[in-house]
Amino acid sequence: MSRVARYALDNPNAIKELHKDIRRHIKQAATKTVNAVAFQARADLRTYVLENFSNPNGLVTPSSLFVKKVPFGKTENLNDIQASVGFSEKVDFMRRQDEGGWRTRHDPSRRMSIKTDAAERDGLPTRGSNKSGKVRIKGKKVSTVRIKNGKSKSRRANRVARAAMAYQTGLPMFMGENKSLFRITSFTRIDDGVHFGAELMVNRKFTRTFTPARNFFLPVCQNAAKNIQDLFSENMDKF
């Protein structure tokens, strides 16, 4: 009989304590490892969002991109050592960004209001005007030049009048068959009439849009975990 076996038979309580000690160290090392990987995945996801999405700041706050870590000393089994990282329900549309799919309104008969890059970059004006209306875009009321006809019976004359007001006030105006929102960038009176330039700010052409799948979430998390075994060994060596 080996000396280890003899020692185990002669000192059963010591072997039990050794087993508890080893188990405790493994759980602590595993907890540190899993939490570290989860926080690394969150950092990598944050970097991805900042580099690949327009206006991303609201998507990478602690309340929108979270980590649920393993609580130290609160796990009974190794299978309970699980951390999670992800986007909260308030930015659930990030699931569609990852998996792809159709985006629709609650009322499918109504058209969507899709901000262009120019609107995301510059924002939409919210200052009031005596002759402006209001439109709600992504939960926010925005001032606009009224779509209603003015005093003139000519449709074109009314549009020119609204364009002049939009150019003077900086407010966007509805225009076109689908009543999209435009910013008037120039307004010039010439001999044969009036010419004005318009830049699309909010597209209201579609009742639904399709988001292509980016498939970024799982690869980013897998990359964060690629050295998990080495990290676990380092944490075990500290005991």
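The values are calculated or read from the model by the stated rules, or taken from the named source; none is laboratory data. Because the structure is a prediction, the values reported are computed rather than measured. When we count neighbours, we look across all protein chains shown, and the Cβ atoms used for this are built from the backbone with ideal geometry, even at glycine. Heads up: the accessible areas ignore ligands, DNA and RNA and are worked out on the full protein's heavy atoms, side chains in. Shrake-Rupley method; radii C 1.70, N 1.55, O 1.52, S 1.80 Å.
Of the cross-linked pairs K115/K226; K68/K140; K20/K69, which ones have a Cα-Cα span greater than 27 Å in the structure shown?
Details: K115/K226 38 Å; K68/K140 31 Å; K20/K69 24 Å.
As for pairs spanning more than 27 Å Cα to Cα, those are K115/K226; K68/K140.
On C-alpha positions alone, give me the angle between the axis of helix 228-237 and the longest principal axis of the chain, in degrees, nearest 10. Approximately 40 degrees, to the nearest 10.
To the nearest 0.05, how large is the calculated FRET efficiency for M112 and E51 if R₀ is 25 Å and r is the Cβ-Cβ distance? Please report the intermediate quantities before stating the final value.
On the way: r = 26 Å, r/R0 = 1.05.
Once the sixth-power term is evaluated, E becomes 0.45.
The simple Förster model, with R0 at 25 Å and r as the Cβ-Cβ distance, assigns N79 and A43 a FRET efficiency of 0.45. For the chain, the solvent-accessible area of protein heavy atoms averages 67 Å² per residue (probe radius 1.4 Å; ligands and nucleic acids excluded). Looking at the range 175-239, the pairs of alpha carbons with a distance over 19 Å make up 68% of the total. Here the dipole of the chain is about 1800 debye; that uses its Cα centre as origin and unit charges on the Cβ of Lys and Arg (positive) and Asp and Glu (negative). Taking a point 7 Å from the Cα of K138 along the Cα-to-Cβ direction, the residues of the range 83-104 with backbone N closer than 14 Å to it are 91-94.
Largest GNM mean-square fluctuation across D117, D98, D191, computed for the chain with C-alpha springs under 10 Å, falls on D191. Electrostatic tally near T211: other residues with Cβ closer than 12 Å to its Cβ, Lys and Arg +1, Asp and Glu -1, net +3.
Projecting the Cα positions of T33, I137, T47 onto the charge dipole of the chain (unit charges on Cβ atoms of Lys, Arg, Asp and Glu, taken about the Cα centre) puts I137 furthest along the positive direction. In the chain, the portion of solvent-accessible area held by carbon and sulfur atoms comes to 49 percent [1.4 Å probe, whole percent, DNA, RNA and ligands not counted]. Here is the P(r) of the chain: all C-alpha pair distances, binned every 10 Å from 0, give 6, 20, 20, 15, 12, 10, 7, 5, 3, 1, 1, 0 in whole percents. With a Förster radius of 45 Å applied to the beta-carbon distance between D122 and K238, the computed FRET efficiency rounds to 0.30. In percent, rounded to a whole number, the relative contact order of the chain is 23, using alpha-carbon pairs under 8 Å and six or more apart.
Around the Cα centre of the range 102-239, unit charges on the Cβ atoms of Lys, Arg, Asp and Glu (plus for the first two, minus for the last two) sum to a dipole of about 1340 debye.
Ranking T169, S64, L231 by Cα position along the charge dipole of the chain, where only Lys, Arg, Asp and Glu carry charges on their C-beta atoms, puts T169 farthest toward the positive end.
Net charge in the neighbourhood of Y167 (other residues with Cβ under 12 Å of its Cβ; Lys, Arg +1, Asp, Glu -1) is +2.
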